[in-house]
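Have a look at the structure below, then the notes.
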Amino acid sequence: MVGTPELRDLPPPPLPKRSFDVAIIGAGIVGCTLAVALGKQGRDVLLLERDLSEPNRIVGELLQPGGVKALQQLGMEDCLEGFDAIPCHGYQVRYHNDPVHIPYAIGEDGKRPEGRSFHHGKFIQKLRAAAKAAPNVTIVEATVSKNLIKNGASGHVIGIRCTPRNTKEEICYFASITVAADGCKSNIRSDFIPRQVQVKSHFFGLELIDTKMPLKNHGIVILSNRAPVLIYQIGTHETRALVDIQGKPPSQTDGSLKSYMLGTVLPTLPEEVRPSFRKAVEDSKSIRSMPNSFLPPTMNKTPGLIMVGDSMNMRHPLTGGGMTVAFNDVVLLRDLLADVEDLSDSDLVLDKLAEFHWKRRNLTSVVNILAQALYSLFAADDDNLKVLQKGCFAYFQMGGLCIDHPVGLLSGMLRRPLVLYSHFFAVAFYSIFVMFKTTNPLLWPLCVLRSFMVFYTACVVILPYIWAEQQC
Ligand SMILES: Cc1cc2nc3c(=O)[nH]c(=O)nc-3n(C[C@H](O)[C@H](O)[C@H](O)COP(=O)(O)OP(=O)(O)OC[C@H]3O[C@@H](n4cnc5c(N)ncnc54)[C@H](O)[C@@H]3O)c2cc1C
């Protein structure tokens with residue numbers, strides 16, 4: 001390995017230790033948990049993070065019950081304690097201020113599962129502390145270069161180059177497996193994943209103080225004539241409001257964004273939330289935003305490299321599924337790699353990664369497709385989608401399995417893609433029924449034509465996402 005011309009020129013690493021079993025790029029949601037899981041397995045793990053101070057971001061603040069369960073499977077449930085995390089019991093969806101209650105569905109154990117919402121940065125620091133305390137894990141604060149170390153023509157990844165914090169000199173580490181867990185803006189991705197990230201909208205985040213919630217311990221989803229707004233408590237006194245804006249957002253600099261928030265968004269919110277929302281908008285110097293990205297999964301095929309988390313797969317954050325997918329991926333990877341004695345056996349590892357790609361689908365395809373399809377309906381911007389949006393809300397109002405199954409899928413507890421497809425098309429047919437029911441019979445001939453368009457729209461909404469999940 002050291003004999004290749006490329007490696008001869010590489011500078012030595014600063015630690016006495018030069019090579020590891022696994023080098024993980026990014027101590028975020030995936031990176032920390034994977035480091036703990038593999039460290040506990042007896043692997044020698046190097047965890048690299050460009051900035052170990054507490055992040056201040058508007059992402060990853062509501063963990064679904066399926067994610068809580070995965071953290072328990074990893075023995076890391078303590079990370080949810082002691083930092084003012086708020087229990088979450090489900091959702092309230094409000095359609096033009098008409099509310100429907102959607103509690104998390106009772107599980108096989110006869111109990112209602114619980115999610116958690118919190119400050120993202122505080123949770124990350126808990127995960128990093130767990131990684132620091134885990135056996136066999138070394139954490140280094142350094143920015144990893146896009147240019148991974150590869151072994152000659154085969155493209156086999158054998159290590160990373162990085163610049164430690166407060167230094168200018170690039171150093172390198174070697175590992176049997178390099179894991180790219182460098183998040184949504186991954187700079188490693190473009191060299192290994194052919195698919196393009198798609199961004200249709202942005203979430204603008206505000207922190208509301210001492211808001212009276214319409215339903216305590218629940219995420220609130222607000223549907224109106226514009227794209228959805230999400231509200232959930234992230235601390236005893238703090239509540240997050242995420243406002244989705246499609247296309248090019250209004251300008252921050254000339255005040256148009258604030259005017260939009262106060263003039264267009266504020267009137268759609270529940271009465272009790274409005275005063276704190278107004279104050280948060282008026283007090284904010286700049287309203288933070290994040291792109292809502294979609295990236296279907298890709299099978300890891302490069303020897304020596306695993307792409308995982310947002311660097312490999314993203315979906316709209318409306319349903320808060322990203323961390324649930326991430327933690328379940330870590331559980332699966334840990335279990336699949338458990339019987340691989342030598343991680344440098346790249347053929348065996350690639351076989352395991354192919355298994356990983358197909359096995360993760362039961363959960364991830366459900367979360368990915370549901371997030372994208374639900375977002376299309378909730379942000380309805382044409383008449384056919386609006387029929388589906390109205391029908392979807394009416395479907396939820398029927399209660400029973402019409403909410404238990406959808407919320408079971410969303411929460412990461414029900415992992416059956418066929419259940420998702422059957423409810424989606426049930427919503428489509430029910431929407432057509434509701435359209436007839438609420439239309440003057442004299443106009444029913446027009447409704448017949450519209451029915452075909454609504455059904456076609458439903459297919460266009462979901463089929464491309466189902467197709468994307470079948471690719472590798
Ligand atoms: C607006 C928004 C809201 C969301 N809300 C939710 C939610 O409520 N619930 C939910 O489950 N999911 C949510 N998500 C998705 C969730 O945040 C992500 O799925 C999750 O954070 C992905 O974890 P990750 O480990 O892949 O990336 P991250 O958690 O982003 O971690 C990546 C880490 O890599 C580090 N890094 C990056 N590049 C380098 C480098 N070159 N060298 C060294 N370190 C590097 C970063 O500093 C970071 O610490 C939301 C997403 C968005 C956009």
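Each reported figure results from applying straightforward, stated rules to the coordinates on display, with no laboratory input. All values derive from a computational prediction rather than experimental measurement. All Cβ positions, glycine included, derive from the backbone under ideal geometry; neighbour counts span all protein chains shown.
The Cα-based radius of gyration of region 380-470, divided by its Kirkwood radius, gives an Rg/Rh of 1.01. Would you tally the net charge around Ile432, using a Cβ to Cβ cut-off of less than 12 Å, leaving Ile432 out, and scoring K and R as +1, D and E as -1? Surrounding charge for Ile432 is +3.
Separation of region 372-414 and region 291-317, taken as the distance between their Cα centroids, equals 26 angstrom.
Distance between the C-alpha centres of region 217-270 and region 54-113: 21 Å, rounded to the whole angstrom. When +1 charges are put on Lys and Arg Cβ atoms and -1 charges on Asp and Glu Cβ atoms, the dipole computed for region 198-293 relative to its Cα centre reaches about 180 debye. Compared with the direct C-alpha span, the chain from Glu170 to Leu442 gains 90.4 nm at full extension, assuming 0.36 nm per residue.
Packing here is the average count of other Cβ atoms within 10 Å per residue, and on that basis the peptides 124-133, 257-266, 373-382, highest first, run 373-382, 124-133, 257-266. Using the average count of surrounding beta-carbon atoms within 10 Å as a protection proxy, the listed peptides 160-171, 326-337 rank, highest first, as 326-337, 160-171.
Just list whichever of Lys69/Lys352; Lys359/Lys437; Lys126/Lys185 have alpha carbons separated by over 32 Å in the model shown. Flagged as over cut-off: Lys359/Lys437. Working note: Cα gyration tensor of the chain, eigenvalues times five, square-rooted, sorted largest first, giving semi-axes of 41, 25, 21 Å.
Given their separation in residues at 0.36 nm each and the Cα-Cα distance between them, Val197 and Leu266 gain 21.8 nm when the chain is fully extended. With respect to the chain, whose longest principal axis is taken over its alpha-carbon atoms, helix 120-133 is tilted by about 30°.
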